[in-house]
Amino acid sequence: MAQLTCSGLTLGYEGQAVLRELSFTVHAGDYLCIVGENGSGKSTLMKTVLGLMKPLSGQIEWGEGLHANEIGYLPQQTVVQKDFPATVREIVLSGCQGRAGKRPFYSREEKRLARENMERMGVTQFARRCYRNLSGGQQQRVLLARALCATQKLLLLDEPVSGLDPMVTAEMYDLIARLHQEGVTVIMISHDIAAAVRYATHILHVGQHVFFGTAEAYRQTEMARRFLPGPDAAGKTQEEEKKHRKKKDKKKGKKKEKKRAEGKGTAGKGGEDE
């Protein structure tokens with residue numbers, strides 16, 4: 001059964017359409033990546049799905065008893081949000097607000113859920129630390145734990161690796177893939193199309209041309225060939241990508257060692273000349 005069905009959506013601001021007649025379906029267990037050029041309407045689509053904006057036309061239907069306030073959402077962080085003066089435990093617990101409603105305190109069950117999700121995301125050791133003192137990757141793990149407190153069914157992620165270094169980016173992608181393997185449906189906005197076709201089950205490419213279908217079908221399109229030149233157009237498995245990264249890291253290490261050796265040799269010659 002579909003968890004989310006969007007039919008004939010036209011989206012935009014003040015009557016000006018950004019996307020027209022967009023239709024797609026997300027089933028339980030899917031991993032959908034929304035990709036496209038800057039300004040193509042990806043964030044507008046995410047806000048509309050979340051109920052923060054109304055579509056100019058078309059319908060959004062939730063299945064399996066899901067409602068817009070029952071999904072986990074990880075937004076792009078602003079500078080102010082990154083500097084938020086609260087403990088990690090408080091941030092994660094705030095994901096239970098939808099469950100608590102108007103109740104002015106968290107229940108024992110909600111506190112247990114927060115502990116479990118902190119353990120799940122590997123941030124338990126930071127529970128009493130101030131959120132703003134964490135690294136970017138640690139903050140994203142905390143926000144994922146918070147999103148999981150809102151739901152165990154569907155996560156919406158808006159560029160979750162934005163601003164992270166390559167190693168932390170790879171860890172974040174692996175973490176999201178693990179959540180998906182555990183049964184969580186994932187809808188993610190990404191600028192990294194190579195990673196999108198590697199990890200996702202389905203791709204929604206928005207912009208001048210629109211594509212919706214499986215990642216495998218997307219790899220065969222002209223759009224994929226434009227954005228994925230060379231071997232990436234054929235796609236790689238997660239295991240192949242890990243091996244590829246290890247080889248690159250080894251090569252970088254050898255180059256650094258060679259440069260150090262050359263530097264020492266140059267320094268020695270300079271001393272002899274003097």
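Can you work out the base-10 log of I(q)/I(0) for segment 137-211 at q = 0.12 1/Å, using the Debye formula on its C-alpha atoms alone?
The Cα Debye sum returns log10 ratios of -0.33.
Accessible area per residue for segment 12-135 in Å², computed with a 1.4 Å probe and the full protein assembly in place, what is it? Could you put the intermediate results ahead of the total?
Values: 7270 Å² over 124 residues.
So segment 12-135 comes to 59 Å² accessible per residue, rounded to a whole number.
So, taking all protein chains as they sit and a 1.4 Å probe, how much accessible area belongs to K111, in Å² rounded to tens?
Approximately 80 Å² of K111 is accessible to the 1.4 Å probe.
Between M53 and S7, what FRET efficiency comes out of the Förster formula 1/(1 + (r/R0)^6) with R0 = 25 Å and r the beta carbon distance, rounded to 0.05?
Computed FRET efficiency for S7 and M53: 0.90.
For segment 160-171, just list the computed ³J(HN,Hα) in residue order, Karplus coefficients 6.51, -1.76 and 1.60, θ = phi - 60°, integers in Hz, with x standing in for Gly and Pro.
x, 9, 4, x, 8, 6, x, 5, 5, 4, 4, 5
First check a/c for segment 1-46, with a ≥ b ≥ c the square roots of the eigenvalues of its C-alpha gyration tensor; if it is under 1.5, answer rounded, and if not, answer prolate when a/b is larger than b/c or oblate otherwise. Could the numbers behind the result be given before it?
On the way: a/c = 3.05, a/b = 1.63, b/c = 1.87.
Note, shape of segment 1-46 comes out oblate.
Put T124, T185 in order of accessible area, largest first, 1.4 Å probe: what do you get?
Result of the area sort, largest leading: T124, T185.
Mind grabbing the accessible area of H202 for me, 1.4 Å probe, Å², rounded to tens?
40
Return the long-range amide H neighbours of G58 (sequence gap of 5 or more, or a different chain), with a cut-off of under 5 Å between placed amide H atoms.
T10
Find the Cα radius of gyration of segment 58-164, compare it with 2.2 N^0.38 Å by division, and give the number to two decimals. Before the final figure, lay out each step's value.
Numbers: Rg = 14.0 Å, N = 107, 2.2 N^0.38 = 13.0 Å.
It is 1.08.
For D165, D192, give the ranking by accessible area with the largest first, probe 1.4 Å.
D165, D192
Give me the percent of the accessible area of segment 10-104 that comes from carbon and sulfur atoms, probe 1.4 Å, all protein chains in place. Kindly include the intermediate steps, with their values, before the conclusion.
Working: 2590 of 5230 Å².
In segment 10-104, the share of accessible area belonging to carbon and sulfur is 49 percent.
The values are calculated or read from the model by the stated rules, or taken from the named source; none is laboratory data. These numbers come from a predicted model, not from an experiment. In this analysis, Cβ positions are derived from the backbone assuming ideal geometry, glycine residues included, and neighbour counts consider all displayed protein chains. What goes into the accessible areas is simple: the full protein's heavy atoms, side chains included, and nothing from ligands, DNA or RNA. Shrake-Rupley method; radii C 1.70, N 1.55, O 1.52, S 1.80 Å.
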